[in-house]
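Before any comments, here is the structure.
Only the coordinates and a few stated rules stand behind these numbers; no lab work does. Please read these numbers as outputs of a predicted model, since none were measured by experiment. Glycine also receives a Cβ, built like all others from the backbone with ideal geometry; neighbour counts cover every protein chain displayed.
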Amino acid sequence: MVRDIRKYEKEIVNFLLDKVSLFELKIQKTAIVEDLNDGLMGSIRFADKGSDDRKYGKRLIEVEYIDSDNIPVYISLIIDNKDKLYELDIWKGNFNPLIEYPTPDKLVDVKIDNADL
């Protein structure tokens with residue numbers, strides 16, 4: 001089911017886009033997303049109406065976050081094969097749901113994968 005992006009999700013996405021200097025992809029007001037079936041870790045996919053041939057393009061950036069139970073969480077921002085926002089992928093090391101959603105000030109170990117952008 002699609003829905004509007006939540007404020008805290010938009011905050012993380014825009015923070016990551018700032019890190020890779022892709023301001024043209026920045027979410028200004030709203031975006032339509034769908035929750036992914038990831039065991040309540042928080043991953044979302046960006047909706048793109050009229051584009052049925054979308055698929056994974058590449059990871060732009062990955063950051064790490066330590067959840068309140070001290071388990072590492074890996075967060076990747078991914079674009080599709082047409083260079084549009086595709087997914088915010090969140091993976092917790094023990095596959096359990098997030099306890100606390102990350103905020104930009106708690107992100108560490110930034111790895112930028114945009115050398116060919």
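Here are a few things to note about the model shown:
- Working note: Karplus 6.51/-1.76/1.60 with θ = phi - 60° gives the stretch 107-112 the couplings 8, 9, 6, 6, 10, 9 Hz, where Gly and Pro are set to x.
- Ellipsoid semi-axes in whole angstrom, largest first, where each is sqrt(5λ) of the Cα gyration tensor of the chain: 21, 17, 13
- With a threshold of 20 Å on the Cα-Cα distance, the over-threshold entries among LYS49/LYS111; LYS7/LYS111; LYS26/LYS58; LYS84/LYS106; LYS26/LYS84; LYS19/LYS49 are LYS49/LYS111; LYS7/LYS111; LYS84/LYS106; LYS19/LYS49.
- Here the contact order of the chain, divided by its residue count and restricted to Cα pairs under 8 Å and six or more residues apart, works out to 26 percent.
- Largest mean-square fluctuation among PHE46, PHE15, PHE95, in a Gaussian network model of the chain whose springs join Cα atoms under 10 Å apart, belongs to PHE95.
- Rounded to the nearest 20, the Cβ-based charge dipole of the chain about its Cα centre (Lys and Arg +1, Asp and Glu -1) stands at 320 debye.
- Gained length - THR103 relative to LEU36, 0.36 nm times residue gap less alpha-carbon distance: 22.1 nm
- Listed residues GLU100, GLU87, GLU62, most fluctuating in the chain (Gaussian network, C-alpha, under 10 Å): GLU100
- In the chain, helices alone account for a calculated mean residue ellipticity at 222 nm of -3500 deg cm²/dmol, with every DSSP H run of four or more residues adding -39,500 (n - 2.57).
- Evaluating 6.51 cos²θ - 1.76 cosθ + 1.60 at θ = phi - 60° for every residue in the stretch 53-59, the Karplus couplings come out as 9, 5, 7, 3, x, 6, 7 Hz, glycine and proline recorded as x.
- Simple label model, 7 Å out from Cα along Cβ direction - SER21 to MET1, nm: 4.2
- Neighbour-count order for LYS92, LYS82, LYS49, fewest beta carbons within 10 angstrom listed first: LYS49, LYS82, LYS92
- Applying the Karplus relation 6.51 cos²θ - 1.76 cosθ + 1.60 with θ = phi - 60° to the stretch 88-99 yields 3J(HN,Hα) values of 10, 9, 10, 9, 8, x, 9, 6, 7, x, 4, 8 Hz, where x marks Gly and Pro.
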